[in-house]
Amino acid sequence: MISLPVADPGTPDARGPFRYLWWTARVQGRMMLIGIGLAIVWWLGQAFVPAALGKAIDALAADDTGRLAEWAGVVLGLGVIQAAAGVLRHRYAVFTWLSAAYRTVQVTTRQATRLGATLPKRLSTGEVVSVGNSDIAHIGNSMDILLRGTGAFVAIVTVTVILLSTSLPLGLIVLIGVPVMAAAVAPLLRPLHKRQHAQRDLQGDLATRASDIVAGLRVLRGIGGEAVFAARYREESQRVRQAGVRVASVESALEGAQILLPGLLIAGVTWLGAHFAMEGQITPGQLVAFYGYAMFLIGPLRTLTEAADRLTKGHVAARRICRILVLEPEISGGTGTAPRNGVLLDGRSGVAVRPGRLTALVTATPEEAAEIADRLGRYAPGEVTLGGVALETLPVAEVRRHILVADNAAMLFTGRLRDELDVRGHAADDDVAAALHAACADDVVEALPDGLEARVAESGREFSGGQRQRLRLARALIADPEILVLVEPTSAVDAHTEARIADRLGKARAGRTTLVCTTSPLVLDRADLVLYVEDGKVRAEGSHRELLRAEPGYASTVIRGEG
């Protein structure tokens with residue numbers, strides 16, 4: 001049994017597709033070398049069969065029973081070698097396929113985690129999804145074909161040497177014919193490469209369009225936009241189909257060349273061999289061997305053509321993967337140490353989140369609140385300090401441990417609800433229950449047949465918008481960060497539920513630092529301090545009731561938010 005390694009594969013050199021393919025082959029070099037060795041033995045076992053059959057026929061013609069038995073034994077031995085080497089070669093081919101494909105998944109996932117919020121800003125969802133849909137298969141195929149392709153090349157060289165030693169004209173035909181066939185196929189590879197690359201890009205765009213439609217299906221039905229988006233999807237899918245037809249036209253020409261060109265070579269070798277046999281230049285056994293070699297050469301020659309096709313597809317896939325691997329995070333960290341219980345200060349806006357208090361943030365526009373939250377959480381560059389220490393001097397992982405930003409773009413993933421809420425797996429049952437109670441999400445869990453053991457569907461689609469929002473709030477409370485930044489945590493719930501959340505949130509976060517970006521009067525009235533930001537700057541601060549009386553802009557914003 002061959003098992004996949006779990007060791008860290010390291011970091012690939014992502015400066016180009018060929019470098020990535022080389023890295024993939026290098027990190028599994030030992031297994032690939034064994035697989036190539038087995039492929040060579042497998043091909044050579046087949047290559048020597050025509051010679052052994054020719055010798056046996058000559059022994060039969062000479063009425064030499066002893067030699068006939070010897071060569072019959074050789075044919076049997078070659079068959080056994082082919083069977084054993086073929087089985088093992090296939091196992092190693094599957095290993096290299098899986099190893100290359102899932103190493104690609106590893107490095108792509110690791111890069112996606114490293115990029116974090118940078119990834120969706122730089123690449124579409126379809127671009128990333130297509131790596132798992134098709135590109136890993138092409139990377140695996142390119143590694144798989146290296147085994148058989150190398151063995152096929154060695155077999156062709158071996159057969160050429162045998163033919164040259166037996167008959168110089170026949171050997172020269174093979175020696176010249178193979179490079180000529182390779183040269184004849186080469187002009188097809190460049191347009192194939194170009195058309196495959198264009199098709200991959202269109203597939204990525206189509207996948208992005210499909211994910212957008214599925215995510216916004218409820219909204220589309222509400223505004224009657226289904227027909228418009230369905231028409232757009234059909235239009236894009238037709239472009240993908242047309243691109244696939246253009247790829248198929250080149251692939252069909254390549255497939256035809258795999259039959260026609262080796263067939264011409266076989267016909268030439270067979271005709272000339274028969275001519276030499278009639279003139280007595282070669283024996284009947286050698287004629288049979290030459291015909292056998294001519295038939296045998298179809299396999300390795302087609303394998304070489306297949307290798308050109310698969311390596312071309314692998315190159316296109318590697319280019320797409322390198323497009324992800326060359327990206328650098330917008331946010332990088334330093335090596336400093338974060339102080340505990342310090343003031344979190346956004347120098348650009350003047351927003352100061354004081355330790356141990358529930359602070360509310362009201363902005364004239366929702367975009368301002370989102371930008372401030374991103375800066376405070378170090379998801380966007382800014383002049384932000386924690387206890388006087390600039391966040392940019394701290395490691396990003398350290399910032400994430402201290403500060404958690406929870407907004408309504410956060411996803412619910414497929415899996416057990418308990419694991420989805422307690423992402424670290426360390427919370428006690430009482431802590432989970434307390435967080436659900438504070439978020440008014442206990443009724444959501446109670447309505448599920450299996451409670452916390454229930455399975456969450458993709459994106460939590462079985463829950464309503466308000467239920468998902470409450471579960472996301474419970475997840476943030478269970479994480480219990482030192483500083484919690486909540487962006488509109490009650491925007492999708494009814495007023496009664498919102499009042500209960502506002503009442504319980506302060507108690508759940510007692511002694512902890514919390515910033516809530518909201519325009520809800522129910523939440524604002526229970527905050528220790530309210531900050532009002534207009535045109536990117538803090539214009540006023542105080543209690544909710546004080547700001548209602550003293551700040552017209554604040555009153556207008558809150559009343560609009562309430563309406």
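The values are calculated or read from the model by the stated rules, or taken from the named source; none is laboratory data. Please read these numbers as outputs of a predicted model, since none were measured by experiment. Here Cβ is always computed from backbone atoms with ideal geometry, including for glycine, and neighbour counts include all displayed protein chains. In case anyone asks, the SASA skips ligands and DNA or RNA and just uses the protein heavy atoms, side chains included. Shrake-Rupley method; radii C 1.70, N 1.55, O 1.52, S 1.80 Å.
Within region 36-58, being more than 13 Å from residue 79 (Cβ to Cβ) and free of Cβ contacts under 8 Å to residues at least 40 places away in the same chain holds for one residue alone: 37.
Restrict the check to region 73-81 and report whether at least one residue is surrounded by 14 or more Cβ atoms within 10 Å (Cβ to Cβ), modelled with pLDDT of 85 or more and more than 47 Å from the chain's Cα centre (by Cα). Yes.
Against the numbered list (1) in contact (Cβ under 8 Å) with a residue 24 or more places away in the chain; (2) crowded, with 17+ Cβ neighbours inside 10 Å; (3) farther than 25 Å from residue 466 by Cα, residue 509 comes up short only at (3). Within region 221-249, residues that are surrounded by 12 or more Cβ atoms within 10 Å (Cβ to Cβ) and at pLDDT 80 or above reach partners that are part of a helix (DSSP H, G or I) and of a type in the set (Gly, Ala, Ser) with beta carbons closer than 6 Å, at six or more positions or on different chains, in the pairs 243/198. Restricting region 129-142 to residues that are surrounded by 21 or more Cβ atoms within 10 Å (Cβ to Cβ) and either out of contact with any Gly (no Cβ under 8 Å at 6 or more places or on another chain) or without any contact (Cβ under 8 Å) to a residue 12 or more places away in the chain (or both), the residue that is nearest to residue 306 (Cα to Cα) is 140. For the residues 479, 555, the requirement of being touching a residue at least 24 places away in the same chain (Cβ under 8 Å) and either open to solvent by 10 Å² or more (accessible area, probe 1.4 Å) or not hydrophobic (A, V, I, L, M, F, W, C) (or both) singles out 479. Looking across region 510-563, the residues that are β-branched (Val, Ile, Thr) and closer than 21 Å to residue 377 by Cβ come down to 513, 514, 516, 518, 519, 523, 530, 533, 538. A single member of 66, 86 is over 30 Å from residue 332 (Cβ atoms) and modelled with pLDDT of 90 or more, and it is 86. Inspection of region 346-359 finds no residue satisfying the criterion of being surrounded by fewer than 21 Cβ atoms within 10 Å (Cβ to Cβ), of a type in the set (D, E, K, R) and within 27 Å of the chain's Cα centre (by Cα). Of all the criteria given as (1) among the charged types (D, E, K, R); (2) in contact (Cβ under 8 Å) with a residue 60 or more places away in the chain; (3) out of contact with any Leu (no Cβ under 7 Å at 6 or more places or on another chain), the one not satisfied by residue 528 is (3). Per the conditions (1) outside any helix (DSSP H, G or I); (2) open to solvent by less than 60 Å² (accessible area, probe 1.4 Å), the sole criterion not satisfied by residue 539 is (2).
Residue by residue, here is whether (1) more than 31 Å from the chain's Cα centre (by Cα); (2) among the β-branched types (Val, Ile, Thr); (3) not in a helix (DSSP H, G or I) holds:
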position	(1), (2), (3)
437	yes, no, no
440	yes, no, yes
463	no, no, yes
470	no, no, no
481	no, no, yes
491	yes, no, yes
496	yes, no, no
514	yes, yes, yes
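Within region 361-380, residues that are surrounded by fewer than 20 Cβ atoms within 10 Å (Cβ to Cβ) have Cβ atoms under 6 Å from residues that are in a helix (DSSP H, G or I) and not polar (S, T, N, Q) in these pairs: 380/374, counting only partners at least 6 apart in sequence or on another chain. Pairs linking a residue in region 393-416 that is among the polar types (S, T, N, Q) to a residue that is assigned to a helix (DSSP H, G or I) and open to solvent by 50 Å² or more (accessible area, probe 1.4 Å), with Cβ atoms under 6 Å and 6 or more positions apart or on different chains, are 414/458.
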